[in-house]
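Chemist: Before I ask anything, here is the structure I am working with.
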Amino acid sequence: MGPEALTERVDPEPWMGRRPCLPDMVPMIGPVVGKRGLWADFGHQHWGFTMGPVCGRLLAEMVTGETPFTDPYPYRTDRFQ
């Protein structure tokens, strides 16, 4: 595929999606208070590909009951209540 492939539009209009940003710019990771069995891992702003693996690890450790590699307290889902 040569540079000519970049001359045609893929979509008729530019697209911009919303990014889930929280007031403190810190993702929510952990159990959702009051919703047994529901876990959250969102709010990565524009850093999803960068933060995804490490946040996924933290969430997996929390869900399985392993000792988390870092303190999950700053990421709790009820911090704005």
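Chemist: Going through the stretch 22-53 one residue at a time, which ones are touching a residue at least 12 places away in the same chain (Cβ under 8 Å) and hydrophobic (A, V, I, L, M, F, W, C)?
Modeler: Looking only at the stretch 22-53, we keep the residues that are touching a residue at least 12 places away in the same chain (Cβ under 8 Å), and these are 22-33, 39-46, 51.
Passing the criteria: Leu22, Met25, Val26, Met28, Ile29, Val32, Val33, Trp39, Ala40, Phe42, Met51.
Chemist: How many residues are in contact with an Asp or Glu (Cβ under 8 Å, 6 or more places away or on another chain) and assigned to a helix (DSSP H, G or I) when one looks only at the stretch 22-57?
Modeler: So the answer is 2.
Chemist: Can I ask one more? Could you give me the residue pairs with C-beta distances under 8 Å whose first residue belongs to the stretch 54-80 and is over 16 Å from Gly43 (Cβ atoms), whose second residue is aromatic (Phe, Trp, Tyr) and part of a loop (DSSP other than H, G, I, E, B) wherever it lies, and which are 6+ apart or on separate chains?
Modeler: Arg57/Phe69; Glu61/Phe69
A short reminder: the numbers here are calculations on the coordinates, not readings from a lab. A quick note: this is a predicted structure, and the numbers were derived from the prediction, not measured. Neighbour counts are summed over all protein chains in view; Cβ atoms, including those assigned to glycine, are modelled from backbone coordinates with ideal geometry.
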